[in-house]
Every structure is written in C-alpha cells, then in structure tokens.
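We did not get these values from a lab; they are worked out from the coordinates using the rules stated. As the structure is a prediction and not an experimental result, all values here were calculated from the model. Please note: Cβ atoms are built from the backbone with ideal geometry, for glycine as well, and neighbour counts cover all protein chains shown.
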C-alpha cells in the first residue's frame, strides 16, 4: 500500500431542525466550533481539528458522507488512484468547497456507503484542559463508524486487502461466514465496523468518553431534560470490544454511541478475537437484550453524486435478531 | 412512642446450598464474619455489628425473618408490649439462642411479614479501612428491606402510626390510593418499602454501596464468573428514591439490590414525594422497562412459629405491571 | 434532654466582594436560591431548605454565625432555656428579621463560637434530579462545621453532656487529653468537630458530595479557571473519618471542605474511634503532609451582639504542627 | 526510515527481594504470567504478550534494560544496521536466551540508557474480561518510560530524527532550550520521555489505568497494607500530558507511575504543545508541589555489556528544582 489512512475523522449528517439538534448535542457536551443557518460544526474536547460532526439542515434525515483522514495529499492521490483502478467513480471536492477542509474525494464504497477521504482540516484550540466548559457526557473525540451492509464479507475483503485496515474482532458462524467485523487503522478496536443487515445504512457513530461515570451522567442529564426516548440501549458492557456503551437516538433518529473502554491493537501478533454468532455475551456481556429497534433501525445514506438516499438491499446472510450485532 | 427503632439490621435467609451461596456473595464483596456447616454470617465493609445477612442451610429457599435494631432493652420491651396490646402473638427468643444476638422477639407483622426486633448484637472490627480486602461490589452496609404485601395502606398505617416510621416517597393513583411507600427510621430514603402485590413476600434486600463504579464492576465480575442470569435489572436510576440500582438474584432466587444514591431525610419539613402510578420515570428514570420476573417473583416468607412458608394473598389494588414498583 | 438538635444547617459568612464569591461558588456547583446586592443564598443539589450557605457583603471576611436546626419551636425554647440556666446571654432574632428563617436565637458558645438555632426555614424545590444543571463539584448538602477552639475538652463536654451530641472519632495523647473530637447529631461522622488551636475560629465548613470523581473534577475546573491557589490540600483520604477530602479557600480565605465518604453512626454500640495524636495516618491516610497554612489559618468569628470579630486565645494544649487536626 | 518501532514494550528491573516485590506488585493488580526463584514476569490486564515487566533477583536495585517492540524481524535488522552505522556497539541476544522473547539486540543509547529492541514475544491469554481477577489499581498495560538524561536535546534529536519518534509535548525556556520532551511511536502522548538531570537514569515506568478511581483505590489499598512511604506523589493532574497520575516507589525504590488520561496523537497536523519551564501548571495542574525526592531520585541503569551500573553525568542545562519535570 502506498497510502496511509489515519483514522475515522468526521460524519456529515442531514437533520431537519438544527435548533432541536443543538439542544441535544449540547447536552452531550459537544463543543460547537461554529455554525450558521444551515450548519453546525461540532468537535470533542480533545480534538484539535475543526470538527468531527457536521450537521446540515436538510429535508430528510440522512447521512451525506462519513470521512477518513489520510496522512498527506500524496496519500490522497494514491488512494483515489486505487478507487479509479478498481472501477469506482471518484468525485473530487476542491479545497474551499467545504468549510475547514482541504480537497477531498468522495466515493460510494464497495457496500454503497458514501465515504470521503481528505488530508487537511483546519486546526483549532483543544478544549481538553478547559474543564470549566465540560458538560454532560464530556465527549472526547470521534472514535468509529458502524455500517450495516448487505455483504459483510465483501466489505471486510475490500477494507482489509485494499485499504489496509486490520481486524480486531469479528463474529462468525460455524461455517466461518463473517456476520460482523471490527476494523481499525488507528490502534484501537475500530475505526469502522460492518454488520450484516439491510444496507447500505449507517448504524451509528461512536464517540469516545474518558470514563464510565460521564456516560452514566449522560443518562441522568438526558432524562432530566425529557430525552428518555432517546436512550435506546445501555449503559452496558459489550463482550465484543469490551466497550462500556450507551446508544442514543438524536432528534432525527441518527444513532450515537457513547463509548468507553477499548484496548491497544498496535501489534502484528494481536490475533483477531472471534465471537460465535450464538454467544449471547458477545453483544451484551451482562446478558441484557438489545431492543428490536436497535437491530432494525439505522440511518439511510446518500448517493454521493445525486444526494438521494439509497435503496436498501437484503443481506446475503439470513437475518435473525442477534445477527448484525456488536 | 416510648421506643426507638434505629434501623433495618439483618435478614435471615434459607438457602439450599451454602457453598453455592458463598461463591456468589463473596463475589459481591461481603465480609464473612464466621460460618459453620449450617450458617454463614455476612456483613458489609463498614459494619461493626457481627452480621447483617445470615444464610441458613434449608430445604427450600425462604425468608426466616427480617430484623430491626432498637435503641435499648427497655425499648424492646415497650415495643413488645405494643404488639401484645394490638393482639399480635409475640415470640421471644432468649439471648444465646441465636449466635451474636441478644434476646429478641419475632412477630408476624400486619402484612404477614416475619419481623424481629433486638437491641444487642456482638460487635466486630470494621473493615472500612482494610481496602486491601475490598472485592467485587464492595458492599458497605445493609440499607433496607422491600416487601410485597397485599394491602399497602394497612402496612403504611401500622408502620407510620404505631412504629414511628416516616414516609420519604410514595406512589399513588388519582384516587390517592397508596400503591407503594418508602418508610424510614434512620434519616435515609428507607429502612423498609411496601409494594402492592401477592404477599406477604420479601421482594429484595437493599445493600448500600459507596459509589456507582462499584456497582458497574459488580456486573463485570458476575458476568465474568458466569452469573449472567443473576443480573436481573439495571444498572439504572430510579426516579423514586434517586437510587442508582442493580438487582441481582442469588443462587436460590433471593433478590439483592445494590444501591447507591440516597439523600438526607432528617427534617420534619421534608415533605414526602408523591409519584403518580402512571409516571414511567418513577421506576426507571432513564426509561428502561423492568423485566416481568422483577415484578412477579419474590421470596416466600416463613411463619415465625411453624417455620412453614406462608401462602399468598391477592393484592387489594388491582395488579397491573407497573404497579408494585419502585 | 428535652430538645432535639437535628443537624448542622447553615453558615453565614461575611465576604468583601459578592461577585468574586459568586464566580467561585458557582464553579463548585452550588445552587443560588436568590440574591440581592448584599446577600447570596446558596444550597446544595439535594437540599429542600432555602439555603445552607449565606454570603453577606461585609467590610472584612468573618463568620457571623453557624446555625443548627432543631426539631420544633418547643425544642427551640427548651434549648434557649438551657443556655439561660447555664448563664449564657441568649440573643433572640424574631421571625422575619432574617430572610427565609423563622425565629432563632444566637449565643456565643462555650468556646466563643457564634452559634444559632432555629426550627423553621422556607422550603424550595430540590434540584437532585435536575441533572442538566449539575456543575463543578456537584455539591449535595452541607455536612459539618469544623471549629478551632482553645479548649477542646470544654467544648466536648458541653456538646456531649448538655446538647446531646455523640462522639464518632477523636484524637488524644497518651494522657488521654482530647486534642480533637468529631461530634454528630445526624447519624454521620459529624455535624461539628473541635480542634485544639488558637480560637475561637471557624476552620472550615464541610459540604457533602455524592462521589469521588466530582471532587477530582472540582480540582480540574478550579485549576482551569485560574483558582490554583484556592486548592489548599488534597484530594486525599483522612484516616480519621475515612473521608475523601479536598480543602479549598474561597476568595476571602474562608475554607471549604468537599467531602465524600462517611459511614452510619446510628447505633448506641458504636464505640468512638480513638486516634493517637502521633499516628500520621490519622490526618492523611496516604501519608501526605498538610501545608502549614491549613494548620495556621482559619476564619475569625463575630461577637453575636456587637458583630465585632473576637480576639484569639492560646490553646490549653501545647500546639505542635499535627495538633488540631483531622 | 525503513523500520517501524511499534511501542514501549517491557522493562527489566533488578530487585533484591522477589517476595517483597511480589507483595507490592500484586497489590497493584499486575498479573503474574509465571515466575521462578530468580524471575517474576508480570503483565497488565489487557496485555496479550507474555510480560511487560520482568523483575530479576539481583544484588542491587538497577535497570537492566528497557525494551521496545518493532514490527518485524526485518525491521529489527534494519534498526540494528542504523545503530551500527552510527557507531553504536550492538549486542545481539539470540532467541531462546530470554524467556518468551525472540532474538533481540541491546545497545546503550545516545544518552547511555540501556535499550533493547525485539519483534517477537510469546502471546498469552488476555485477562481483560476476567473481571473476577481485577485487583488494586487494575493495571491495564505498560505505557511509557521516563528517562533522566544529561542532554535532552541530544536524546530528542536522535529519537526524532533517527528512530522516528514524534514529539507530543515539551518544556522549554525562553531561549528555546529543551528541558524535557515527550515522544511517541504509538499515537498516545508518549512511549518515552526525556527529562534534564543527572543521567543516565530511569525516572519511572508508566502503566496505563482505565479510570481515575482505580488510581485512588490504589492509594487506599497501599495505605491499608502499610505502604504509605511508597506513595510518593499524587494523585494529581499533570498540565503537561493531561494525565491523572500517581507516583509510587517499589520496595527497591524503582518508581512506578499509574497513569490515566492521554489523548490521540495520530495526526500530522498535531502541533507539539510547548510548556514554559516557569509555568507551574505544567507539572501539577492543580498547583501542588512535587516532593524533592521525586526530582532527585531515580533508578541507576546498567551497562548492557558488563551489567555494571553506569556513573552519572551532570546535566548540560543548569538544574533547578522544577527543571526536569513533567
């Protein structure tokens, strides 16, 4: 590989009511870098880049794109070449066309997920030591994307063989079919996970917290503000990834995971951890069942050329409840 | 009133397999004061009395008695006189008949719950500053009993009017019928709660923890030991009482609540907090539903004279799922 | 005793700059009940009474009075009678003369500390479940006063024999002279402590927090706001009382303790814990030394009749550094 | 660069009494992989490699070597070539000569620190989800080394220019002389730090904890076991690195840092954070002073050929108390 994808970097979500979104995301402790009538740019407390979550006012809730940061402009070109050679239609977005971001390209990936790559984003002051401004869940940084796709094996192959991602953990059945996979570029559990299901959809965006109590406090804060329905699942512990988790639904139904835990996956002798599809502790170490809507609902994604949301395809593996699961 | 009940003090549970129980309660961090082939005496880390939980080997799982401590021997006599006058059959147990406890009396209370009163228990070394011996949930002390009874109003009246308990919080319907009530002698939320349901039964014994993370760690420890089925409900926040809670089922099905939170209820101008029976945040502030077995299952209690478990009576208030609830 | 003192209830401090004080106390998470040009009334998150800390604009930093709440108006009268009989000059303050408080009386206690007793204070909404408004240290409630006095034995005798306080822990030397004592009415470690030193002075007011991380966060918040010099001692663990503590100095030098820990002291068989004056773990369980200013500095107190600050008296026990210590 | 150093991987310490060491390190929650009369092999809870801390019985306390893991055997050869070319005497240790480790080479680095590189270490079961075995500080993994050297600039240049380390934070004076630097390979704050002082010495080994309360509990556990003198500094917050820290001295005086905090340093646009040598918040965000012994004492290191401890050299920058500081 002649390019280096550093990490998952930002998501661009369409929401119908920016004010409603702001109340929700502020409660979680996101830092608003800037905003206008059509956009809000959020980042976590430790982030020195301009934003990791961009909300755009839209007619319907959908995912415009999820973005990865690469090491350099040369890496960006090499990566675009790879997609070109493989027959993907690469759409370049020139520097200046998007606030705070250098030139980038977008492409519908092997599963139909709209992904973007860039190497430059404006830097801003970190708020890590501005403890007087900590609020709610004290969101630290973006951690990962979780995508529901109709063919996990295909996504797995492309991301590991072509894009250089490593697998930390995965779920498979007796026949070794892969039902879900956690893949990383930074040495954590993941930058992106793929789960078997009706796709392409974005299941959730994971944000990293520095501690468990901030996650519990997030529940208390949201409940006290009337957001009980937004608390979808958790707090709990995933067997897979060992994360202490909380799943929330924002006012448009986009799913946000608050996430604490993780471990270092830097070493080549780290062997991906296999979980059996029938092991109940995989999804919830403590044994709680996830609600149906956690399995069935996810955000529709856009065609990077038309901006239209993509239709869904049935998964290749037979769907059953505990299937496309963390 | 010429007597002073200090606090809820201990529970005596019958279990079928002491070894199985020991593995479970040790995992939670209970301190074993002593034991023999028929008994295990447990206490919490800050407790200076000999035990707050006594497990006795028995043929079936049941509750022998729940015990309250009174201020003095004179108080004990006065309290026995009250029960006598009211027509209750008081059963005295002389000093020496029970390990570590002075003379006591037992009685089937107004709801049929087997209760015991005593003023003296042997003291032992506190383990509060023996941090090297902290384990699991780091249980600090017994906090309260929760009893399912067929007539909450009757229990409420007897405990508040005759025994001197104060009400901190309660659940009622539009017609002001009391569905559940939290009553205290020590200035916390409760020493005992009564919930509407098939009774008399002991729904759970609550033990106080000093912090939220010990409760989360308890989930992790139990899960890693294979006790997933023992984790019944939580972690979560009760609206009522504001407790951060976890409900566990021991190997015999007795329910243990790990509990952190509480507030001071010492003042006469503290007004009992009313929760509407239809307010979902009452039982779970974050909106999670409790599983059916949390509502339907509870420990049978013994007749203090015969040792036989008592038959159940239908509740006076029409039972519906979120009825007899914290 | 024919009266019942419930608990330590509020402190009235004179400060020179209300705005400077507000910035500091808001950072700690106190709830401002109300204020005007001359006063700020603060309470903790769980408190249902109007205030537990009253700041008054004054020409110099001093303590006007520390107040205890009694059970009823009759108790108030009985208590006043006791002081009268013992030769103390009781100063009544009629209802309405102080905002939110019923009639009260003030007296210079046996050590010269200005104390006040009242039975009625206006009630307000508790903020316990308004998690969206939690800030900083999330102060929950007032817990205790710590007074530096020239004769601890005299204070100890009056408070235990005349006022009905119980001793939870104390520091003594080989000759059993009492150097410091922790006394309570509510069943916690203390409502008031007396330490040997130049007195009468108020060493600190202790506020209770629900958890350790709120205390650590308070350090981070204060440091990020430039209050490094306000962080005087801690975080640490006291051997005596087992409290996890942090000592702060407000803009006028008044010392505030943030306090988490405690244990239940309700039982008559609880034996006061003796610490030897030479045991270093008494003051700091982890072995850290307290800074000199923690020992030497404290707030001057007012004469309840003249409002003038009282001159200091040398302690009866020879002062040495680890002397008047928690 | 044609080699890839992954991360700091292990330290080999000589200690005089293995039993004394075992009591201490077990209290901290290290996992003992195996041991014999001359060695104890420890790892943290998430580590899948055989050990990250090797204690060897020796006649005096010293540091045999600190080790880094590289990506492959080819990387190892390339790295050895670099040292060769630069005139360093590389000492190879063949596979099998050290338990659990493949072939490695050792060299006295530019500052005289004995360093080792290897690419292979046996793997063992991770204990990350064996929560029932968590104890004490719940040490998760090795994080970094901190070395005191006589010429920080020289160390900085070699590690950044020749070995490919990146700088996350550094301390400098007005003339831009570097007094201390934090350098990383994994995308955290550091794998190694260099501080100005009498060197070469190992100041401490940092181990990562997953949360702040485990660090506080470590203080309580150590104090309850009589290790008060082992608690040297903290808990506190470093301004530099933002770490929540605790410094301990093991029975031989080796310094261990328990460390929680950190942030992601993966991006090329992350600009190293400069701290002024005179900024007191650099070393302790909350303003506490470190004790003199924290500045003056550190572990002597061995000559990799002779096993003798190396003599110390005066630092090039004038030493003053807050000089060689985190």
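Once you reduce the stretch A:13-92 and the stretch A:115-154 to the center of their Cα atoms, the two points are 9 Å from each other. Among B:144, A:39, A:50, sorting on how many other beta-carbon atoms sit within 10 Å of each Cβ, with the fewest leading, yields A:39, A:50, B:144.
Over chain B, DSSP H runs of length four or greater, each weighted -39,500 (n - 2.57), average out per residue to a 222 nm ellipticity of -4500 deg cm²/dmol. Counting only other chain Cβ atoms within 10 Å of each residue's Cβ, the peptide A:265-278 averages 3. If you model the stretch D:144-266 as an ellipsoid using its alpha carbon gyration tensor, with each semi-axis the square root of five times an eigenvalue, the axes come out at 27, 16, 12 Å, biggest first.
Based on the convex hull around the alpha carbon atoms, the protein assembly as shown presents an average projected area of 51.1 nm².
Once the gyration tensor of the Cα atoms in the stretch B:47-119 is diagonalised, the equivalent ellipsoid follows with semi-axes of 21, 17, 10 Å, ordered largest first.
In plain terms, the bigger the Kirkwood radius, the slower the diffusion; for the stretch C:154-207, with that radius from Cα pairs, at 37 °C and 0.692 mPa s, Stokes-Einstein puts D at 281 µm²/s.
The alpha carbon convex hull volume per residue for the stretch D:6-92 rounds to 117 Å³. Relative contact order of the stretch C:1-128: 28 percent, from C-alpha pairs under 8 Å at least 6 residues apart in sequence. Listed from fewest to most Cβ neighbours within 10 Å, the set B:309, B:160 follows the order B:160, B:309. When the convex hull of its Cα atoms is viewed from all sides, the stretch B:219-326 shows a mean projected area of 9.6 nm².
Using every pair of separate Cα atoms, the Kirkwood estimate puts the hydrodynamic radius of the stretch D:258-313 at 15.6 angstrom.
Using only Cα atoms, locate the centre of the stretch A:197-212 and the centre of the stretch C:296-314, then give the distance between them in Å, rounded to an integer. Cα centroid to Cα centroid, the span is 60 Å. According to the calculation over all Cα-Cα pairs in the stretch A:95-184, the P(r) per 5 Å bin from zero is 3, 10, 15, 17, 14, 14, 13, 8, 4, 2, 0 %.
Calculated from the alpha-carbon coordinates, the stretch D:32-155 shows an Rg and a Dmax of 16.0, 50 Å respectively.
The stretch C:1-46: Rg/Rh from Cα coordinates, Kirkwood Rh? Dividing the radius of gyration by the Kirkwood radius yields 1.10. Label positions at residue C:225 and residue C:38, each projected 7 Å from the Cα along the C-beta direction, are separated by 2.6 nm. Could you work out the Rg to Rh ratio of the stretch D:234-293, with Rh taken as the Kirkwood radius (inverse of the mean 1/r over all Cα pairs)? Ratio of gyration radius to Kirkwood radius: 1.04.
Here, the stretch B:111-154 yields an orientationally averaged convex hull projection of 5.4 nm² when only Cα atoms define the hull. With the largest listed first and rounded to whole Å, the semi-axes of the equivalent ellipsoid of chain D from the Cα gyration tensor are 26, 25, 19. Let me have the relative contact order for chain B, percent, based on Cα pairs under 8 Å that are six or more residues apart. Rounded, it is 19 percent for chain B. The per residue volume of the convex hull around the alpha-carbon atoms of the stretch C:179-229 is 117 Å³. The ranking of D:88, A:259 from fewest to most other beta carbons within 10 Å of each one's beta carbon is D:88, A:259. Taking every DSSP beta bridge that has both ends in the stretch A:145-267, the antiparallel portion is near 75%.
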